[in-house]
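Visitor: Quick one: structure below, then a few questions.
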């Protein structure tokens, strides 16, 4: 095994261990309240809504390229189903769905959703919510979130769809999002 491959493997092991230790710390702390869990699930629901807007924005951008537009649109439909599952989880906890998304802001933030890290961050947040649900005694709902994360991992991310549609586009998007971020958006 080459030195580079060994270093890469060691980095992955360290990152996995750090992720596991933060989940273990969460399990050892006081269980979250129902209100805290509902607030965090609503934050994930809003994140899912933001993702839906991003798929719509980029499907529209690629309207002149039907193959790519259809891929983006179909993946956007999956994002809608995932948002429905999150909403259903909130309702199963007798919570209310907070639909406070600003459409103009969601369109502007489409570039954030197109970042390579978006999918990993989303799945990590879903796993954290699942851990909280387990602590709260809602194992069935936790399993739903874990399955949702697995389903998301089996699909192409917005980043990879855009990279396949137009090589180099994602680096342009990174620059665009950094510009928007520095302008206070």
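Visitor: Have a look at 124, 119 and point out the one that is touching a helix residue (DSSP H, G or I) at 6+ places or on another chain (Cβ under 9 Å) and at pLDDT 95 or above.
Guide: Matching residue, one of 124, 119: 124.
Visitor: Being outside any helix (DSSP H, G or I) and either at pLDDT 90 or above or not assigned by TED's automatic domain parsing to the domain that holds residue 160 (or both): is that true of residue 52 here?
Guide: No.
Visitor: Between 3, 12, 61, which is at pLDDT below 65, out of contact with any helix residue (DSSP H, G or I) (no Cβ under 8 Å at 6 or more places or on another chain) and farther than 22 Å from residue 128 by Cβ?
Guide: On inspection, the qualifying residue turns out to be 3.
Visitor: Sticking with this one: Restricting attention to the range 51-68, which residues are farther than 21 Å from residue 83 by Cα and crowded, with 19+ Cβ neighbours inside 10 Å?
Guide: 62, 68, listed by residue number.
Visitor: Evaluate the range 114-131: report whether one residue or more is without any contact (Cβ under 8 Å) to a residue 24 or more places away in the chain, more than 13 Å from the chain's Cα centre (by Cα) and closer than 19 Å to residue 148 by Cα.
Guide: So far as the range 114-131 goes, yes, one or more of its residues are without any contact (Cβ under 8 Å) to a residue 24 or more places away in the chain, more than 13 Å from the chain's Cα centre (by Cα) and closer than 19 Å to residue 148 by Cα.
Visitor: While we're looking at this one, here's another question. Output the number of the condition that residue 47 fails; it satisfies all remaining conditions of (1) without any contact (Cβ under 8 Å) to a residue 60 or more places away in the chain; (2) under 18 Å from residue 127 (Cα atoms); (3) surrounded by 18 or more Cβ atoms within 10 Å (Cβ to Cβ).
Guide: (1)
Visitor: Here are some conditions: (1) surrounded by 12 or more Cβ atoms within 10 Å (Cβ to Cβ); (2) in a helix (DSSP H, G or I); (3) over 18 Å from the mean Cα position of the chain (by Cα). Residue 95 meets all but one. Which one does it not meet?
Guide: (2)
Visitor: Moving to a separate point now. Would it be correct to say that residue 71 is in the same structural domain as residue 135 (by TED's automatic domain parsing), farther than 23 Å from residue 140 by Cβ and in contact with a helix residue (DSSP H, G or I) (Cβ under 7 Å, 6 or more places away or on another chain)?
Guide: Yes, satisfied.
The values are calculated or read from the model by the stated rules, or taken from the named source; none is laboratory data. It should be emphasised that the depicted structure is a prediction, and the values quoted were computed from it without experimental measurement. All Cβ positions, glycine included, derive from the backbone under ideal geometry; neighbour counts span all protein chains shown.
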